[in-house]
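Just so it is clear, none of the values below were taken in a lab; they were calculated from the coordinates. Note that this is a predicted model, so its numbers are computed, not measured. FYI the Cβ positions are ideal-geometry reconstructions off the backbone, even for glycines, and counts take in every protein chain you see.
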Amino acid sequence: MAETSSAGVGQAPLSGTDRTRLRRISEEGRTDRAELHAVLAAGFVCHLGVVLDGAPMVVPTVYGATADTLYFHGSVASRSLVAAPDATVCVTVTHVDGLVLARSVFEHSVNYRCAMVYGVPRLVTDPEEKLEGLRVLTEQTAPGQWDYARRPNRKELAATSLLALDLTEASVKISEDPPEDGEGPDAALGIWAGQLPLRQNWGTPVPDPVLPAGIPVPAHIVGRTF
């Protein structure tokens, strides 16, 4: 996964700005920055929200996180990425952990971990930081792949936009509770209620159809678990 550091922003509590203040079910909010790092480290796909030509656009993209920075990338032709460095964006990462099945449909809900990050991203132009940011992103997506596969050449780097978003302004919300109607009138209905956990696992690697015989699956892929 991406490297983290215990210095600087990594130790600061989560911000309490007007944008990150939880207005509904605030008890599910988290203020420990370690919770933010845990949510970000558990995934590699985020949703980038940006206003483009006066209308909102939400784009899924791959990301990588360090202690104080979220890196995400795409083609230089991407309209959302071209516009993002000039405006405030909202990046979200959500993990669904299960269903909460109550006695009434009204009380049904979802258990989840969610992070939201606000800020004005900067376009990474320094060659060394760009390469390091892409390494962080690649290693978060497939640990071990950066040292195994061919790294990007100058032409590929020129065709890639890498944005860096500071993690200063962020919020985390986690829901992990059972149904809330166990002590209400619906408890007498005799209906099963509880949680249905959701687990994700990687399947068996499928080789490229044109891969020559005899090339084994690398160890960092064989041993991967989610």
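Worth pointing out:
- Region 160-226-region 36-64 distance, computed between alpha-carbon centres (Å): 17
- Relative exposure of Val222, Val172, judged by other C-beta atoms within 10 Å (fewest first): Val222, Val172
- When you restrict to C-alpha pairs under 8 Å that are six or more residues apart and normalise by the size of region 97-226, the relative contact order lands at 40 percent.
- Hz values of 3J(HN,Hα) by residue in region 41-53 - Karplus curve (6.51, -1.76, 1.60), Gly and Pro given as x: 5, 7, x, 8, 10, 10, 10, 9, x, 8, 8, 10, 6
- Charges were assigned to the Cβ only: +1 to each Lys and Arg, -1 to each Asp and Glu. The resulting dipole of region 160-226 about its Cα centre is roughly 600 debye.
- Averaging over all projection directions, the Cα-based convex hull of region 8-222 occupies 16.6 nm² in the image plane.
- Highest mean first, the peptides 206-214, 50-58, 141-149 sorted by other C-beta atoms within 10 Å per residue fall in the order 141-149, 50-58, 206-214.
- For Gly98, the residues whose amide H sits under 5 Å from its own are Asn111, Leu198, ignoring neighbours fewer than 5 places away on the same chain, with H placed 1.01 Å from N.
- Ordered by the count of other Cβ atoms within 10 Å of each Cβ, fewest first, His37, His220 give His220, His37.
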